[in-house]
Amino acid sequence: MNKNYMDKIHSWGRIWCIASLAFFICIPVAICLHLNVWPDPAIVGKGVASIAFFFVTGIVEVVAYSPMLGAGGTYLSFVSGNIMNLKMPCALNAMENAKVKANTEEGEVITTIAIAASTITTTIIIAVFVLIFAFNPKFSEIMSSDTFAPAFQQVTYTIFGSLAATYFVKHWKISFFPIAAVTLLLFFVDPGIGVLIPIGVVLSMLGAHVMYKLKKV
Amino acid sequence: MFSDFKSDGFMYLVILAVIVFVCAQSLFFMKKAWTRGKELGITTDKLKNAVTSSAIFSFAPAIGIAITVITLSVALGYVLPWIRLTVIGAIQYETTAAIAALEAAGMTGGISQAITDPEIFAAISWVMTLGSILPLILIPIILKKIQKGVSDVASKNSKWMDVMTAAAFIGLISAFIGRGLAGTGNAKEAIIGDGAGVLSLAALVASIGFMLFFTLLNKKLKKNWIEALAMPLSMVLAMVIVVLINSFLPEIAAIEWRY
């Protein structure tokens, strides 16, 4: 990979990350100044402490997802969020269409463009729909009605079903084990998707490593 | 609409600033990657395809995210959930953070009651922010090291790296496929379609089926638009199947083997 370009991506990414951090902290500060209230730090501390497990998932997400998202994609995705249900599948789809591999400079370029395009589109769509919901409550009733709500509840499965069709056909030899293992595990305990993803990734990589050593892939 | 402190003009100014910031960052990185792509010899068609297919792909999930704003809007109004789901946020996290802040303030009604106390509203905004910013602190410190490690391994044994990268993606997809087949729903509330059942299975099978159909169609016709639209079309058509099953076969749609 071109060191110069990658070094620049990291420099720009760091600047944007620090700017994002400062900007996001300014939001509650601005709300407090505007409302002229400052919440009891004990209440905020207690609230943050009771969701401290998100710190652990935050660390796991950075370590596990950044090699798949690429550098530019990681800097973008962790600012705009919705990584697993949107940015990651979007990046995978774009790499498949462009026929480039992850961890190459071509892959880096395509994932960055895909995630940037997805972020802008998502931001605009959310804005348009939330404004419609806010100013036209009837529309929000229709969208969250018994007819349409179940379809949007399944949207994640339609994303990963489509991706599975592409990936499992191509890599069917290493696909059976992780699907079977994860499904079997879920019949005993459901740890939630945040924990299940790292488990699925580790099991899949272990299975694939064994297949590689046995020269089956 | 602007009379409530949770959705007043100031809050709309904040979300406007957030939208401008997020779009500016995306445009910045897109421009840099586009220039580098051209230097690498990637065709303009491929680069454009990456933009259009990603934009179209994002439509349905984005509407799904917008709908989750409704869930939080009863307690928090529209703007704070909108801000949170535009940056960093994901619905599972935001709901948990809001409930945690409410309970810390001694309110046990959850997010089904409107917040009328500005101090509690401000506390929730702090908890949602502080609970989610750790990745933004970690990434500037460790991302370059992680990427260098991956790059070094890739240059030493590229075949093994290719297999491991594919395996990582497959592991990620398996987690969601597994949840569609055997994941549990919210035990406290009887919500149709949140646990593994007919609807999740229909969504999986239909999207896989449509994607395979479009892949085969593209192999035969070799059209760029089929490639770009295959995934978003498969998703939307699978969602239509779910709506049809839910509308015309409600008793079957309600079957869930994991609650």
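The values are calculated or read from the model by the stated rules, or taken from the named source; none is laboratory data. Since we're looking at a predicted model, the values are computed, not measured. Here Cβ is always computed from backbone atoms with ideal geometry, including for glycine, and neighbour counts include all displayed protein chains.
I need the full set of residues from the range A:71-82 which are more than 8 Å from chain B (Cβ to nearest Cβ) and either over 17 Å from B:LEU85 (Cα atoms) or among the aliphatic types (A, V, I, L, M) (or both), in order please.
At the first step, the residues of the range A:71-82 found to be more than 8 Å from chain B (Cβ to nearest Cβ) are A:73, A:77.
Of everything in the range A:71-82, just one residue is more than 8 Å from chain B (Cβ to nearest Cβ) and either over 17 Å from B:LEU85 (Cα atoms) or among the aliphatic types (A, V, I, L, M) (or both), namely A:GLY73.
With (1) more than 7 Å from every other protein chain (Cβ to nearest Cβ); (2) more than 14 Å from A:THR166 (Cβ to Cβ) as the list, and A:LEU86 as the residue in question, which single condition is left unmet?
(1)
Any idea how many residues of the range A:171-212 are under 13 Å from B:LEU181 (Cβ atoms) and aliphatic (A, V, I, L, M)?
Count: 8.
For the range B:56-155, give me every one of the helices (runs of 4 or more DSSP H) that falls completely inside it and has 3 or more residues that are touching a helix residue (DSSP H, G or I) at 6+ places or on another chain (Cβ under 6 Å), in contact (Cβ under 8 Å) with a residue 24 or more places away in the chain and farther than 24 Å from A:ILE18 by Cα.
Counting at least 3 such residues, we get B:91-104.
Looking at the structure I just gave you, is A:ALA52 over 20 Å from the mean Cα position of the chain (by Cα) and either more than 7 Å from chain B (Cβ to nearest Cβ) or on the phi > 0 side of the Ramachandran plot (or both)?
In short, no.
Which condition breaks for B:LYS156 when tested against (1) modelled with pLDDT under 90; (2) under 25 Å from the mean Cα position of the chain (by Cα)?
Going through (1) modelled with pLDDT under 90; (2) under 25 Å from the mean Cα position of the chain (by Cα) one by one, B:LYS156 breaks only (2).
Starting from the range A:161-180, keep only residues that are more than 7 Å from every other protein chain (Cβ to nearest Cβ), then list their pairs with residues that are β-branched (Val, Ile, Thr) whose Cβ atoms are within a distance under 7 Å, requiring at least 6 positions of separation or different chains.
Every condition considered, the pairs that remain are A:LYS173/A:VAL217.
So how many residues does the range A:181-198 have that are modelled with pLDDT of 90 or more and more than 7 Å from chain B (Cβ to nearest Cβ)?
5
Listed here are the residues, each with its yes/no results for (1) crowded, with 18+ Cβ neighbours inside 10 Å; (2) aliphatic (A, V, I, L, M); (3) modelled with pLDDT under 95.
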residue	(1), (2), (3)
A:ASN2	no, no, yes
A:CYS17	yes, no, no
A:ILE27	yes, yes, no
A:ALA30	no, yes, no
A:GLY70	yes, no, yes
A:ASN85	yes, no, yes
A:GLU96	yes, no, yes
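How many of the residues making up the range A:10-48 are within 7 Å of another protein chain (Cβ to nearest Cβ), closer than 24 Å to A:GLY81 by Cα and among the β-branched types (Val, Ile, Thr)?
The qualifying residues number 6.
Which one is surrounded by the most Cβ atoms within 10 Å (Cβ to Cβ), of the residues in the range A:118-153 that are of a type in the set (S, T, N, Q) and at pLDDT 90 or above?
By that ranking, first place goes to A:SER118.
Condition test on A:THR111, is it within 17 Å of the chain's Cα centre (by Cα), farther than 15 Å from B:ILE65 by Cα and part of a helix (DSSP H, G or I)?
Yes, satisfied.
Just give me the residues in the range B:92-124 being facing chain A (nearest Cβ under 7 Å), among the small types (Gly, Ala, Ser) and under 21 Å from the mean Cα position of the chain (by Cα), in sequence order.
B:ALA97
Identify the single condition in (1) surrounded by fewer than 20 Cβ atoms within 10 Å (Cβ to Cβ); (2) hydrophobic (A, V, I, L, M, F, W, C); (3) touching a Lys or Arg at 6+ places or on another chain (Cβ under 9 Å) that A:ILE115 does not satisfy, given that it satisfies every other one.
(1)
Residues of the range A:166-195 being buried (at least 23 other Cβ atoms within 10 Å of the Cβ) and in a helix (DSSP H, G or I), which ones?
Those that are buried (at least 23 other Cβ atoms within 10 Å of the Cβ) and in a helix (DSSP H, G or I): A:ILE174, A:PRO178, A:VAL182.
B:ALA33 - would you say it is without any contact (Cβ under 8 Å) to a residue 40 or more places away in the chain and touching a Leu at 6+ places or on another chain (Cβ under 9 Å)?
Working: without any contact (Cβ under 8 Å) to a residue 40 or more places away in the chain: yes; touching a Leu at 6+ places or on another chain (Cβ under 9 Å): yes.
So B:ALA33 passes the test.
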